[in-house]
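K.L.:
Handing you a structure now.
The values are calculated or read from the model by the stated rules, or taken from the named source; none is laboratory data. Just so you know, these numbers come straight off a predicted model, no measurement behind them. Note that each Cβ is placed from the backbone with ideal geometry, even for glycine, and that neighbours are counted across all protein chains shown.
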Amino acid sequence: MRWLLYLYPRAWRRRYGEEFAALLERERPSLRLSLDVLLGALDAHWCLHTDGRPNRNGEHRMAIWARTAPLLLALAITSVVGWGISRPDLAPGSPAASVTVGQNRGVGQAGDPSAPPSRPPVLLEADLSAVPATERDARLEQVVQVAERRLRAAGVSDATIEVLDGGRLWIALPPDQDVASFMGLLTTTARLDFREQATQPDGTTAWVVARVRDAAGVERPLTGAYVHDARAVTDPNSRRPVVEFEMSAEGQDLLATLTERLLDQQLAIFVDDQLQVALTVRSPIVQGRGMISGNFTPQDARDLAIQLVSGPLPVPVQLVDPPRS
Amino acid sequence: VADELANLGRFTEPALLILVSLADGPKHGYAMMTDIQRLAGVHLGAGTLYAALARLERRGLILPLAAEERRRPYQLTPVGATALRAHLESMRSFAVTGLQRLAAR
């Protein structure tokens, strides 16, 4: 019965082939088993492999029809023959009814969406509870894009990211990558903003996001959106890992305007509402450069630099199930 | 929490049988098949079993372990256990309601 294995797509066989063959060898050959495996293979071609949509390699429905046509024909013949020689209640329903199209889809860069992970995939969940139902798909798409940018910036070009039901992302990293080292990178929101101290109605002072009028007179919050480059370096004085960043041209102007206004006052950089750096402005900052020195490990600094360049996650994302090796 | 199992369409039942089979420990394909046969009197074909396994794996409800010779055991994940418990609880309340209605006849 081992030949039945070859009804499945190659990517599926790479992942499940060996164990599936071992199982087939223990099963008694029968028409019923052949039919079951034939349906399983069609499911793998149509639902698991491509999820019924053009996959990332640009393969379209027509190509899958072409690839699975012999299988469909075989199914039709087996069904007709099977109807004659076996009890009717063992034959499955019409093949068309059995081929359900899944809702999952492959997105991402290189690689085959169904290529087997050589280790368990990382499963993340985006918290979409605050997002209106009609915008969830778009928001999840943004999460995928941010995750892709972050992974690419970290030097991982062949990760596979897929969107599952319920706001979940399935991420398969290449086998040579240490999965644990990507958890912080992928789940930290990394929303940076510049803040100044403001007196609250109750008389206390608090850090509030600095708002600056741009050249056109529009007031804009000064956030990480204006950071266009960042990298992890070792501070020559403290010998500790720090993150250097550069603002875009627009951000440079905004920061210069802000620091003119804040002379001899406090300016701070927050990431995810955590104070990173606070300083007293002694002169306007015109070059649009800065340094964030926290109590960073080298990996923290690397992650933050990547996150600043790749942009914040639009919604909170957390790990669903810790990866095991 | 949405019922993860109910989202699996025609694979809901095979998936439920698999999760229950894995609830007392990791098993490979053939062990699941015989366990399910004994447990529920249902014979899952190899094609159906693996179509359901692949879906459960991709939703993070089960986890493949290292292959032993050529057979690969699968293990229930914490997410899978939660999903299974939720589904079984809803089956229980359904069964209780049904039995109560019958008793009232």
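K.L.:
How many residues are part of a loop (DSSP other than H, G, I, E, B) and in contact with a strand residue (DSSP E or B) (Cβ under 9 Å, 6 or more places away or on another chain) if we restrict to the range B:41-91?
P.N.:
7
K.L.:
Another question, if that's okay. From the list A:R195, A:R261, A:R213, which one is basic (K, R) and closer than 26 Å to A:V317 by Cβ?
P.N.:
Of the residues listed, the single one that is basic (K, R) and closer than 26 Å to A:V317 by Cβ is A:R195.
K.L.:
Could you list, in sequence order, all residues of the range A:199-232 that are in contact with a strand residue (DSSP E or B) (Cβ under 6 Å, 6 or more places away or on another chain) and exposed (fewer than 12 other Cβ atoms within 10 Å of the Cβ)?
P.N.:
A:T199, A:Q200, A:T205, A:E219
K.L.:
Something else now. Provide a single number: the residues in the range B:60-105 that are of a type in the set (G, A, S) and free of Cβ contacts under 8 Å to residues at least 12 places away in the same chain.
P.N.:
7
K.L.:
Still on this structure, please answer the following. Could you identify the single residue in B:T77, B:T82, B:T97 that is over 25 Å from A:A41 (Cβ atoms) and buried (at least 16 other Cβ atoms within 10 Å of the Cβ)? Please lay out each step first, then the result.
P.N.:
Numbers: B:T82 fails: buried (at least 16 other Cβ atoms within 10 Å of the Cβ); B:T97 fails: buried (at least 16 other Cβ atoms within 10 Å of the Cβ).
Going through B:T77, B:T82, B:T97 in turn, the sole match is B:T77.
Table: residues versus (1) within 27 Å of A:W12 (Cβ to Cβ); (2) free of Cβ contacts under 8 Å to residues at least 40 places away in the same chain.
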{"residue": "A:E125", "(1), (2)": "yes, no"}
{"residue": "A:R136", "(1), (2)": "no, yes"}
{"residue": "A:A154", "(1), (2)": "no, no"}
{"residue": "A:D158", "(1), (2)": "yes, no"}
{"residue": "A:L173", "(1), (2)": "yes, no"}
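K.L.:
In the range B:12-44, what residues are at the interface with chain A (Cβ under 9 Å from one of its Cβ atoms) and touching a residue at least 24 places away in the same chain (Cβ under 8 Å)?
P.N.:
B:H28, B:G29, B:Y30, B:L44
K.L.:
Do we find a residue being at pLDDT below 85, hydrophobic (A, V, I, L, M, F, W, C) and crowded, with 18+ Cβ neighbours inside 10 Å anywhere in the range A:129-147? Steps first, please.
P.N.:
Taking the range A:129-147 as the starting set, the residues that turn out to be at pLDDT below 85 are none.
No: zero hits.
K.L.:
Provide a single number: the residues in the range A:22-31 that are more than 7 Å from chain B (Cβ to nearest Cβ) and either buried (at least 17 other Cβ atoms within 10 Å of the Cβ) or touching a Cys at 6+ places or on another chain (Cβ under 7 Å) (or both).
P.N.:
Looking only at that region, the number is 0.
K.L.:
Somewhere in the range B:83-104, is a residue among the hydrophobic types (A, V, I, L, M, F, W, C), at negative phi and at the interface with another protein chain (Cβ under 7 Å from one of its Cβ atoms)?
P.N.:
Checking the range B:83-104: not a single residue is among the hydrophobic types (A, V, I, L, M, F, W, C), at negative phi and at the interface with another protein chain (Cβ under 7 Å from one of its Cβ atoms).
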